[in-house]
Amino acid sequence: MEDRTEEMVDLHVVVRPGRRIERLSRLSDGSLGVEVRARPIEGKANEATTALIAHVGGVPKSSVVLVAGPSARHKVVRVPKRCADRIHEVLPVVDIR
């Protein structure tokens, strides 16, 4: 019988809520920079973060799970490996400080 479970990986992300545009970038320390329009009120910024990661990674929103840091800017998000691979292929490395 074939194993259909997909390999999952953890992404370390730094979220910047309340921005004018939404975008992802790879930071020089290896983490993923996420800028979202939503404010960090009632989990809206977390929802926007996981939705943006899912969109860029080409997976359903339900495949992206926040596993650490729900009220912090530094978070850990678990995604399918194919999502992480796609994100790392399409994003340039920038240093947002």
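Estimated from helices alone, the mean residue ellipticity of the chain at 222 nm is -7500 deg cm²/dmol (sum of -39500 (n - 2.57) over DSSP H runs with n ≥ 4, per residue). If both residues of a DSSP beta bridge must be in the chain, then about 70% of such bridges are antiparallel.
Here the label points at residue 20 and residue 65, each 7 Å from Cα along the C-beta direction, are separated by 3.8 nm in the simple model. Once backbone amide H atoms are built at 1.01 Å from N, residue 26 has 33, 94 as its partners under 5 Å, excluding neighbours fewer than 5 places away on the same chain. When 87, 21 are compared by accessible area at a 1.4 angstrom probe, the order from most to least is 21, 87.
Using Cα pairs under 8 angstrom and six or more residues apart, how large is the relative contact order of the chain, in percent? Once normalised by length, the contact order is 33 percent.
The values are calculated or read from the model by the stated rules, or taken from the named source; none is laboratory data. All values derive from a computational prediction rather than experimental measurement. Here the Cβ is made from the backbone with ideal geometry for all residues, glycine too, and neighbour counts use every protein chain on show. Each accessible area value is taken on the protein alone, full model and side chains, heavy atoms only, with ligands, DNA and RNA left out. Shrake-Rupley method; radii C 1.70, N 1.55, O 1.52, S 1.80 Å.
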